[in-house]
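Before any comments, here is the structure.
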Amino acid sequence: MKRELILQARDLRYSYDGERMALDGVSMDIAQGEKIAVIGSNGAGKSTFFLHLNGVLTPHGGEILCHGTTITAKTAKELPRYVSIVFQNADDQIIASTVRDEVAFGPMNLKLPKDEVASRVEEALEYMNLSGYQDRPPHYLSGGEKKRVSIADMIAMHPEIIIFDEPTASLDPQNAELLEGVLDRLSAGGKTILLSTHDVDLAYRWAQRLVVFHNGRIVADGDPLQVFQDRDVLAQASLKRPVLLEVYEGLTAKGLTGGGAWPRTVHELLADCSSSDKDR
């Protein structure tokens, strides 16, 4: 079934200094419900692209369409209604003195009625397991708790697309696992998710679509397995292959796998190897 397009980037071009192109002709369609991982080395253009999708930056060339309507300098302020960004460093995003006020900030800027704002805050805090944190100062929370508050900020905005910029950076393994569960829950609820990450293992097991940036351009866009099997693309973008992919290929070469679908998780790999044991 064809999914409804939410955003369309058309030949986006942008330079911070007037010389080097941070975005050099980037085109991309983003549809409802997609799970997209965006990868690439530092300076490849990922964050710059995200800031265009949210209306923070205005392209020097090209255009962005939201639900088929071209976004102009005047209408760019409407993009946060559709697209929210969770930044890598939660401290860069948190501004209020209490968790309640922090989560309420976005909905209040949408000029929503007070009852609607209160309802959204309660909903977002419950979603992120932050009920009871309403009156706590967010700057004194742990790193994992701050990240949850910053995600609650975005949930309260009711966007169609949520962008996560390096969401697992600085998180311990337990909080990283919890965050991945939140990503899955948001996706199951119909949200479109884009995340940038240097964690190729996360990108491989989580994403349905993988987009590779290099020198301000998209050099690959497709199924994660197919992209990670393209050694030329990985070499060009200075990326490594996921560990699970390497392990599965090694086991397959030794005849120790069942020959089914390529596993994306350890659980799927173990299931495949178990079926191979039964066949022998």
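The values are calculated or read from the model by the stated rules, or taken from the named source; none is laboratory data. Keep in mind that what you see is a predicted model, and the values were worked out from it rather than measured. So basically every Cβ, Gly included, is an ideal-geometry build from the backbone, and we count neighbours across all protein chains shown. Areas reflect the complete protein model, heavy atoms only, side chains present, ligands, DNA and RNA absent. Shrake-Rupley method; radii C 1.70, N 1.55, O 1.52, S 1.80 Å.
Just a few scattered comments:
- Any hit, the range 200-215, residues being polar (S, T, N, Q), open to solvent by 70 Å² or more (accessible area, probe 1.4 Å) and more than 27 Å from residue 171 (Cβ to Cβ): yes
- Candidates 239, 244 - the one that is modelled with pLDDT of 90 or more, farther than 13 Å from residue 40 by Cβ and aliphatic (A, V, I, L, M): 244
- Residue 274 meets each of the listed conditions (1) outside any helix (DSSP H, G or I); (2) hydroxyl-bearing (Ser, Thr, Tyr); (3) exposed (fewer than 14 other Cβ atoms within 10 Å of the Cβ); (4) without any contact (Cβ under 8 Å) to a residue 60 or more places away in the chain apart from (1).
- Residue count for the range 184-230 under the criterion of being in a strand (DSSP E or B) and aromatic (Phe, Trp, Tyr): the result is 1.
- Restricting the range 67-108 to residues that are among the small types (Gly, Ala, Ser) and outside any helix (DSSP H, G or I) leaves a set whose member that is nearest to the chain's Cα centre (by Cα) is 84.
- Within the range 21-32, the residues that satisfy the criterion of being touching a residue at least 60 places away in the same chain (Cβ under 8 Å), out of contact with any helix residue (DSSP H, G or I) (no Cβ under 7 Å at 6 or more places or on another chain) and not hydroxyl-bearing (Ser, Thr, Tyr) are 21, 24, 25, 28, 30, 31, 32.
- Any hit, the range 69-84, residues being buried (at least 19 other Cβ atoms within 10 Å of the Cβ) and among the hydroxyl-bearing types (Ser, Thr, Tyr): yes
- Test result for residue 235, over 19 Å from residue 35 (Cβ atoms) and over 24 Å from the mean Cα position of the chain (by Cα): no
- Applying the condition of being among the polar types (S, T, N, Q) and open to solvent by 50 Å² or more (accessible area, probe 1.4 Å) to the range 111-167 and asking which residue is nearest to residue 42 (Cα to Cα) yields 142.
- Cβ separations smaller than 7 Å between residues 6+ apart or across chains give the following pairs from the range 127-140 residues that are free of Cβ contacts under 8 Å to residues at least 12 places away in the same chain to residues that are open to solvent by less than 60 Å² (accessible area, probe 1.4 Å) and aliphatic (A, V, I, L, M): 131/125.
- First in the range 108-124 and under 11 Å from residue 157 (Cα atoms), second anywhere and open to solvent by 90 Å² or more (accessible area, probe 1.4 Å), Cβ under 8 Å, 6 or more apart: 110/81; 117/108; 121/100
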